[in-house]
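Student: Below is one structure. I have some questions about it.
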Amino acid sequence: MNRRTAMRQMATFILTTASCGEREQPKKIPRVGYLSANDPATESTFFEAIRLALRERGYIEGQNIASEYRYAERKLDRAPALLAELVSLKVDVIVVASGGSYIRAAMNATKTIPIVLAGRGVDPVEAGIVDSLARPGGNVTGITNLIRQLSGKRLELFKEAVPKLARVAVLYDPANTGAVLDMKEVLPPLARALKLTLQPWEVRDADGFEKVFAALNKQRPGGLYVLPSGPLVFSNQKRIAGLALKSRLPSMFSSKDAVEAGGLMYYGADMAESYQRVAYFVDRILKGAKPADLPVEQPMRFELVINLQTADKIGVKVDPNVLARATTVIK
């Protein structure tokens, strides 16, 4: 073998080896960061539903997708550090399962990583988070479930379902600006039209719920309306439902879980569809779509859930016309 032939064979070997090495390099697995204002127990159902929705789209945890979960546990001051962790991990997208303050914290943490809204109670246009629903601009898109915008409709349905309703205790966290706006400006004119008297009850911390119920039970309102009031109220919905049931109070919630836990009624977005849409946005972004080009979506379907077991326990007869319109009846 002459020198030229040997060198040619050596070059071929090196190129072949390099090519095999390139083929054997592991493919980068996309990483999704999740930020919740609440704790793991509160968000477990929500995040698991998104994981299953992503699986239906072909994403299997640990194989072709990885997840990083961070929980602020109702402490807004923790959000910047948690988001800094997600940014340092170079996640490909951040799903924010909370309201406006946490979304803004995410926007402050990164101008380049796509942020997906998970449908919590904020109007992204009104809050200045996106330019418009059709053309979000920037690095934020996702879904808005109109939780706050439906406050009036919930009160209306509550009165229809329980016609004898006259005085309604309204529970909310005064630290939540949206809830304060609802209590002071949105609900009062509606209540007057429905001939309802509203009794505001503020709860400021997790230890305050029992105290509030002990006090309001002395006044014996006809029903309880729970305003969407951020992490404090959201993470204690089941607890509130239990206290309302114990107090034999008809109750209206902005959480389906609360009704499944003993509350009387829920009206709002179809949550199963919402989980699917969060997965849709994550999928599109991982495939190269830009948030600025993905319109923010509003719910297409709504749920009216009524717990007849609770109605029987508290001695309330739900109006048949409202019952006939329910999408889910718990018997």
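Student: On the basis of being β-branched (V, I, T) and in contact with a strand residue (DSSP E or B) (Cβ under 8 Å, 6 or more places away or on another chain), does I60 make the cut?
Tutor: Considered against the rule, which asks whether it is β-branched (V, I, T) and in contact with a strand residue (DSSP E or B) (Cβ under 8 Å, 6 or more places away or on another chain), I60 comes out as no.
Student: Right, next: Take the residues of the range 41-80 that are among the hydrophobic types (A, V, I, L, M, F, W, C) and open to solvent by 60 Å² or more (accessible area, probe 1.4 Å): which is nearest to R284 (Cα to Cα)? Steps first, please.
Tutor: Looking only at the range 41-80, we keep the residues that are among the hydrophobic types (A, V, I, L, M, F, W, C), and these are 41, 46-47, 49-50, 52-54, 60, 65-66, 72, 76, 79.
Those left that are additionally open to solvent by 60 Å² or more (accessible area, probe 1.4 Å): 41, 52, 76.
On the way: A41: 28, L52: 16, L76: 29 Å.
Across the range 41-80, the extreme among qualifying residues is L52.
Student: Read through the list (1) modelled with pLDDT under 95; (2) under 19 Å from L117 (Cα atoms), then give the number of the only condition that M10 fails.
Tutor: Single failed check for M10: (2).
Student: Being of a type in the set (S, T, Y) and at pLDDT 95 or above is the filter here, so list the residues in the range 87-121 that pass it.
Tutor: S88, T110, T112
Student: If we scan the range 296-312, do we find a residue that is among the aliphatic types (A, V, I, L, M), more than 19 Å from L165 (Cα to Cα) and in contact (Cβ under 8 Å) with a residue 12 or more places away in the chain?
Tutor: Yes.
Student: Restricting attention to the range 156-184, which residues are at pLDDT 95 or above, of a type in the set (A, V, I, L, M, F, W, C) and surrounded by 17 or more Cβ atoms within 10 Å (Cβ to Cβ)?
Tutor: Correct list: L157, F158, A161, V162, L165, V168, A169, V170, L171.
Student: Right, another one. Specify the residue that is farthest from the chain's Cα centre (by Cα); the eligible residues are those in the range 99-111 that are under 19 Å from D39 (Cβ atoms) and open to solvent by 10 Å² or more (accessible area, probe 1.4 Å).
Tutor: The residue in question is A105.
Student: Six or more apart or on different chains, Cβ atoms under 6 Å: show the pairs whose first residue is in the range 129-149 and free of Cβ contacts under 8 Å to residues at least 60 places away in the same chain and whose second is part of a strand (DSSP E or B) and open to solvent by less than 10 Å² (accessible area, probe 1.4 Å).
Tutor: I129/V140
Student: Scan the range 241-282 residue by residue and report those that are surrounded by fewer than 19 Cβ atoms within 10 Å (Cβ to Cβ), among the charged types (D, E, K, R) and either in contact (Cβ under 8 Å) with a residue 60 or more places away in the chain or in a strand (DSSP E or B) (or both).
Tutor: Residues satisfying the conditions are R248, D257, E260.
Student: Would you mention how many residues in the range 211-232 are buried (at least 24 other Cβ atoms within 10 Å of the Cβ) and within 18 Å of the chain's Cα centre (by Cα)?
Tutor: 6
Student: Then there's this: Would you check if T310 is among the hydroxyl-bearing types (S, T, Y), modelled with pLDDT of 95 or more, over 21 Å from S98 (Cα atoms) and touching a helix residue (DSSP H, G or I) at 6+ places or on another chain (Cβ under 7 Å)?
Tutor: yes
Student: Run D207 past the list (1) open to solvent by 30 Å² or more (accessible area, probe 1.4 Å); (2) in contact (Cβ under 8 Å) with a residue 24 or more places away in the chain and report the number of the one that doesn't hold.
Tutor: With (1) open to solvent by 30 Å² or more (accessible area, probe 1.4 Å); (2) in contact (Cβ under 8 Å) with a residue 24 or more places away in the chain applied to D207, the lone miss is (2).
Student: Among residues belonging to the range 283-316 that are among the polar types (S, T, N, Q) and surrounded by fewer than 21 Cβ atoms within 10 Å (Cβ to Cβ), point out the one that is nearest to T144 (Cα to Cα).
Tutor: For the range 283-316, the residue satisfying everything is Q298.
Student: Continuing with this model, one more query. Name the pairs whose Cβ atoms lie under 9 Å apart, with the first residue in the range 75-90 and over 19 Å from T112 (Cβ atoms), the second assigned to a helix (DSSP H, G or I), and 6 or more positions between them or separate chains?
Tutor: Filtered contacts from the range 75-90: K75/P231; L76/S101; L76/Y102; L76/A105; L76/P231.
The values are calculated or read from the model by the stated rules, or taken from the named source; none is laboratory data. Remember, it's a predicted structure, so these values are computed and weren't measured experimentally. No Cβ is skipped: glycine too gets one built from the backbone with ideal geometry, and neighbour counts run over all protein chains shown. Calculation scope for accessible area: heavy atoms of the full protein, side chains included, ligands and nucleic acids excluded. Shrake-Rupley method; radii C 1.70, N 1.55, O 1.52, S 1.80 Å.
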